[in-house]
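Below is one structure, written out as structure tokens; the observations come after it.
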Amino acid sequence: MTIPIQIHAHRNHEDEHPGPAPYPDMAWIPGGTFLMGSNSHYPEEAPVHRVTVDGFWMDRYTVTNEQFASFVRETGYITLAEYPPNPTDYPGVDPTQLVAGSLVFQQPDHQVDLNDFSAWWAFIPGANWRHPEGPGSSIKGREKHPVVHVAYQDVEAYAHWAHKVLPTEAEWERAARGGLRGAPYTWGNELAPGGKLMANTWQGEFPWQNLCLDGYEGTAPVGSFPPNNYGLYDMAGNVWEWTSDWYAPRHQADAAKQCCTPHNPHGASETQSLDPDQAVRIPRKVLKGGSYLCAPNYCQRYRPAARTPQTIDTSTCHTGFRCIVRPNA
């Protein structure tokens, strides 16, 4: 097995460990310059380019149902999926179709066209963070699982309450790589080193055949798989994670001179994130990390470089988040 090369980025005062974590279960992510993106997988991950970020603290785990419930109890917050959309935000859409709910994975019992995501996704009225599969389901017994069905405004509200912020895409990828240079996975070069499954992903032929070789059909309790070199859990698989960056279909290439390497970049603009093919054009943020629905035959995005767009009004059963704290912010 090839051993990934440890990155030797330049160091400055921001890279020095600042002392105790500001909140429990946070890990220090050292600042430095690293290679972001991939030229070997999906086109939106290219090109590989240099990026510099300052050091920061990051939650070791994605936010759990238990933690989100504490936030809701204290604030009375209602998530986007729990109330009907405003018809003025969706011109041309039949108002009777604008009901409270969220997107839920529905496993078919046979092979389907992988170009038709409606074969396995359904909007379920009444689905939300309390009822992940819809009315009648609950999070009882899943207190330590990642909270899901949270839209962008929901995760921003939680972060504000927790006195934290969401990571940029560059910060998230820096953290996920765990100091490994060029490794495709958060743990190294092989998907399952020595046959050991390192993340909660899909085994079998997606979306109809789930072998559950990792022991989980849906989400897993946070921390069920080994951490990366920075002590972060589930930076691949389990649930996609929101970042604060607006989405663009490609990364910007390296500047001609190393002196011009982007420092703490913040992605595209809100206008650039709009999808021209959407009838109702809603801004999109970058999601990172892949989920339990990522499979070798479909969506191999359980990698640090992987990324996908998500409209800010959308919540799903496989999207969650974690937060960071920037020193002296």
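The values are calculated or read from the model by the stated rules, or taken from the named source; none is laboratory data. No experiment lies behind these values; they were computed from the predicted model shown. Using ideal geometry, Cβ is built from the backbone for each residue, glycine included, and neighbour counts are taken over all protein chains shown. Side chains are part of the model used for accessible areas, which takes the heavy atoms of the whole protein and leaves out ligands, DNA and RNA. Shrake-Rupley method; radii C 1.70, N 1.55, O 1.52, S 1.80 Å.
Values as computed for the structure displayed
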item: Accessible area (Å², per residue) of the chain, counting only protein heavy atoms and a probe of 1.4 Å; result: 46 Å²
item: Accessible carbon and sulfur surface of the range 227-270 relative to its total accessible area, %, 1.4 Å; result: 50 percent
item: Carbon and sulfur %, accessible surface of the range 43-113 computed with the full protein complex present, 1.4 Å; result: 53 percent
item: Mean Cβ count within 10 Å, highest first, over the residues of peptides 237-250, 30-43; result: 237-250, 30-43
item: Size of electric dipole in the range 183-273: Cβ of Lys, Arg +1 and of Asp, Glu -1, about Cα centre, debye, nearest 20; result: 280 debye
item: Charge dipole of the chain about the Cα centre (unit charges at C-beta), most positive-ward option of 237, 64, 198; result: 198
item: Relative packing of peptides 292-305, 90-103, 133-146 - highest average C-beta neighbours within 10 Å first; result: 292-305, 133-146, 90-103
item: Cα shape, the range 179-279, gyration tensor, a/c 1.5 rule; result: oblate
item: Cα gyration tensor shape of the range 113-198, rounded if a/c is under 1.5, else prolate or oblate by comparing a/b with b/c; result: oblate
item: Difference of contour (0.36 nm per residue) and Cα-Cα distance, residue 89 to residue 140; result: 15.0 nm
item: Whichever aspartates and glutamates have a C-alpha closer than 13 Å to that of residue 285, once near sequence neighbours (fewer than 8 apart) are set aside; result: 156, 169, 241, 245, 270, 275, 313
item: Selection from 158, 33, 148 lying farthest towards where the dipole of the chain points positive, charges on Cβ; result: 33
item: Relative contact order computed over the range 60-110 (Cα-Cα under 8 Å; 6+ residues apart), in percent; result: 28 percent
item: Surface share of carbon and sulfur [accessible, 1.4 angstrom probe, percent] for the range 124-216; result: 54 percent
item: 0 to 90° range, to nearest 10: angle between helix 65-75 axis and the chain longest Cα axis; result: 80 degrees
item: Neighbourhood charge, 10 Å Cβ-Cβ cut-off, centred on residue 225 and excluding it, Lys, Arg +1 and Asp, Glu -1; result: -1
item: For the range 250-291 and the range 48-84, distance of Cα centres in Å; result: 21 Å
item: The range 237-290 shape via C-alpha gyration tensor axes, a/c threshold 1.5; result: oblate
item: Charge context of residue 51, other residues only, Cβ under 9 angstrom, K/R +1, D/E -1; result: +1
item: Protection-proxy order for peptides 183-192, 163-172, each taking the mean of Cβ atoms within 10 Å per residue, highest first; result: 163-172, 183-192
